[in-house]
Amino acid sequence: MHQQKRQPELVEGNLPVFVFPTELIFYADDQSTHKQVLTLYNPYEFALKFKVLCTTPNKYVVVDAAGAVKPQCCVDIVIRHRDVRSCHYGVIDKFRLQVSEQSQRKALGRKEVIATLLPSAKEQQKEEEEKRIKEHLTESVFFEQSCQPENRSVSSGPSLLTVLLGVVLSQWLYLEHEQGLKLTSEGNLS
């Protein structure tokens, strides 16, 4: 008998969606960042269709906002920031990528990607460097604190085992010495 290969029933909204990057940062003073690419991966054995939604569609142009991804392939989605004004600095916008099976309407999964417009790439780099230095100092202090008790116990003197071993050996030597003296003194008297 020929058995039909059954595909597992996919539950609405539970399919993992693989997108890179998960955050878009646009810089007002760097026009090369005004156009960025999201890559949607399809690691599955079936084709997916996708749709890109946005919380503020008037600020962005999404090239190919809907389409399909073949099994074990990926597709690039171009996003352009078209409203670069200072009133939008620091505002976090969101894109949602919804995926569904090629032949179905219901969304099987979704992933959100945040987008932010910042005034200057140079300012951002300076802030990131300061943050990195601060994190490094915090890590160093934490590392030193976690090692401090261990160092104290190592440098506090001989261990209890060493002291006990010394006492036992000195007693044994003392007894051997006493035993030797008794044998010598008994031998001389005879």
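The values are calculated or read from the model by the stated rules, or taken from the named source; none is laboratory data. Computed from a predicted structure; not experimentally measured. Methodologically, a virtual Cβ is constructed for each residue, glycine included, from the backbone with ideal geometry; neighbour enumeration extends over all protein chains shown. Accessible surface areas use protein heavy atoms only, side chains included; no ligands, DNA or RNA. Shrake-Rupley method; radii C 1.70, N 1.55, O 1.52, S 1.80 Å.
The residue that is nearest to residue 33 (Cα to Cα), counting only those in the stretch 61-100 that are of a type in the set (S, T, N, Q) and in contact with a Lys or Arg (Cβ under 6 Å, 6 or more places away or on another chain), is 98.
Each row is one residue, and each column tells you yes or no for (1) outside any strand (DSSP E or B); (2) on the phi > 0 side of the Ramachandran plot; (3) open to solvent by 30 Å² or more (accessible area, probe 1.4 Å); (4) touching a residue at least 24 places away in the same chain (Cβ under 8 Å).
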| position | (1), (2), (3), (4) |
| --- | --- |
| 45 | yes, no, yes, yes |
| 49 | no, no, yes, yes |
| 58 | yes, no, yes, yes |
| 61 | no, no, yes, no |
| 71 | yes, no, yes, yes |
| 75 | no, no, yes, yes |
| 79 | no, no, no, yes |
| 95 | no, no, no, yes |
| 103 | yes, no, yes, no |
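Taking the condition of being of a type in the set (A, V, I, L, M) and closer than 15 Å to residue 109 by Cα, how many residues in the stretch 16-55 meet it? Give the derivation first.
Step one: list which residues in the stretch 16-55 are of a type in the set (A, V, I, L, M), which gives 17, 19, 24-25, 28, 37-38, 40, 47-48, 52-53.
Subsequent filtering for residues that are closer than 15 Å to residue 109 by Cα retains 17, 19, 40, 47-48, 52-53.
Summing the residues that are of a type in the set (A, V, I, L, M) and closer than 15 Å to residue 109 by Cα in the stretch 16-55 gives 7.
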